[in-house]
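Right, one structure below, let's go through it.
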Amino acid sequence: MSTAEFSPAEQGTLPGPGPSREELLGLYERILLIRRTEERLRAGAAAGKLPGAVHLYIGEEAVAVGVCAHLETGTTSPPRTAVMVTTWPRAEA
């Protein structure tokens, strides 16, 4: 099967210029904010400051940021885009 039989997404390239440097930095900042929050939760749980179990999202930050970056924004209230998660939606919220 030749690469001509696959769509651009299947070939690993998408049409268009992609995100700007500023957009990429904004995405990275959100990823880092989630990571730092998770690290503080881990420290609080280890110190016995949080009751119950803490299920960390460390290593999954880019998933939440990537999904949320593609959500519809605009003037509709509430927005018409929703996210269904199968875990505690701390990072997506």
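The values are calculated or read from the model by the stated rules, or taken from the named source; none is laboratory data. Since the model is a prediction, treat every value here as computed from it, not as a measurement. So basically every Cβ, Gly included, is an ideal-geometry build from the backbone, and we count neighbours across all protein chains shown.
Against the definition (surrounded by 12 or more Cβ atoms within 10 Å (Cβ to Cβ), out of contact with any Leu (no Cβ under 7 Å at 6 or more places or on another chain) and either in a helix (DSSP H, G or I) or modelled with pLDDT of 75 or more (or both)), how does R35 come out, yes or no? Considered against the rule, which asks whether it is surrounded by 12 or more Cβ atoms within 10 Å (Cβ to Cβ), out of contact with any Leu (no Cβ under 7 Å at 6 or more places or on another chain) and either in a helix (DSSP H, G or I) or modelled with pLDDT of 75 or more (or both), R35 comes out as yes.
As an exercise: evaluate Y57 against (1) at pLDDT 65 or above; (2) hydroxyl-bearing (S, T, Y); (3) surrounded by fewer than 10 Cβ atoms within 10 Å (Cβ to Cβ) and give the number of the one condition it does not meet. Only one criterion is unmet by Y57, namely (3).
Quick grid of which residues meet (1) surrounded by 10 or more Cβ atoms within 10 Å (Cβ to Cβ); (2) at pLDDT 90 or above:
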position	(1), (2)
Q11	yes, no
P19	yes, no
E29	yes, yes
L41	yes, yes
A45	yes, yes
A53	no, no
G66	yes, no
A69	yes, no
E72	no, no
